[in-house]
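Chemist: First the structure, which I've put down as structure tokens, then a few questions once you've had a look.
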């Protein structure tokens, strides 16, 4: 285990998994770092299946040899206590876990002398939400996301968020929580709070009714209502009724990530 303050002294090239202690919380990361690459891809988790494996979990870690960049896979400790499958990095009342994850990543990138414009955040669903917010915390980076939740409280009528509120924020009603912690559960509110609208490749299934009519439309409305420019957002639209909320294939996803991580202008298949 590594104390957050000691990250500057770590040789990350010799490690594949690390646990970082920050404000008494354990944050777990899986690494694949090679000196031949100067680009980085950071992966965030969507929903996990607790019947298959218990946290810490690093989704898509089996892809690491297919990614033509250094990679970091993030586990979300929000869901370590309880039976939630989704956490969005929300954390606890006095500790925003995604902000701590951001701080840890910044320290790692500084130690490795990685420029922000060589960093791409990737995730789908809840992982897409986290990736967009993380990119807003790291100016100069970008996010590639597939069917993200742009307003967490709207995801499946708020049932998943309600579990987090009931378990870890018992002194808040649902409406109080949404108002008090809005920048943790709204992508656009995070953009506002962090003062930055990052470059985003937004991959969207036009045949997924929920993703189009809730998340995509709310994202557009929230950006427009807050007078935020959409110039940094590019869209890749696909049509697959059978996939629904599920992301595009691994093959296509890896192709987009590799192209975009290594050629910032090449984001179309």
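The values are calculated or read from the model by the stated rules, or taken from the named source; none is laboratory data. Just so we're clear, the structure is a prediction, and the values are computed from it rather than from any experiment. Virtual Cβ from ideal backbone geometry, glycine too; neighbours counted across all protein chains shown.
Chemist: Starting from residues that are part of a helix (DSSP H, G or I) and in contact (Cβ under 8 Å) with a residue 60 or more places away in the chain, keep the ones in the stretch 165-193 and report whichever is surrounded by the most Cβ atoms within 10 Å (Cβ to Cβ).
Modeler: Ranking the qualifying residues of the stretch 165-193, first place goes to 185.
Chemist: So, in the stretch 18-56, exactly how many residues are part of a loop (DSSP other than H, G, I, E, B) and touching a residue at least 60 places away in the same chain (Cβ under 8 Å)?
Modeler: 8
Chemist: To continue, here is another question. Working only within the stretch 141-188, note down all residues that are more than 25 Å from residue 205 (Cα to Cα) and under 19 Å from the mean Cα position of the chain (by Cα).
Modeler: Selection gives 164, 181, 182, 183.
Chemist: Go through the stretch 110-124 and count every residue that is more than 15 Å from residue 37 (Cα to Cα) and assigned to a strand (DSSP E or B).
Modeler: The number of residues fulfilling the criteria is 4.
Chemist: Consider residue 126 carefully, then state whether it is farther than 15 Å from residue 84 by Cβ and crowded, with 24+ Cβ neighbours inside 10 Å.
Modeler: no
Chemist: A further question follows. Modelled with pLDDT of 95 or more and at negative phi: is that true of residue 91 in this structure?
Modeler: no
Chemist: With the structure loaded, tell me whether residue 202 is crowded, with 16+ Cβ neighbours inside 10 Å, in contact with a helix residue (DSSP H, G or I) (Cβ under 9 Å, 6 or more places away or on another chain), in contact (Cβ under 8 Å) with a residue 12 or more places away in the chain and farther than 26 Å from residue 138 by Cβ or whether it fails that test.
Modeler: Criteria not met by residue 202.
Chemist: Looking for whichever is in a strand (DSSP E or B) and in contact with a strand residue (DSSP E or B) (Cβ under 9 Å, 6 or more places away or on another chain) here; the options are 100, 71, 107. Which one fits?
Modeler: Just a single option satisfies the conditions, and that option is 71.
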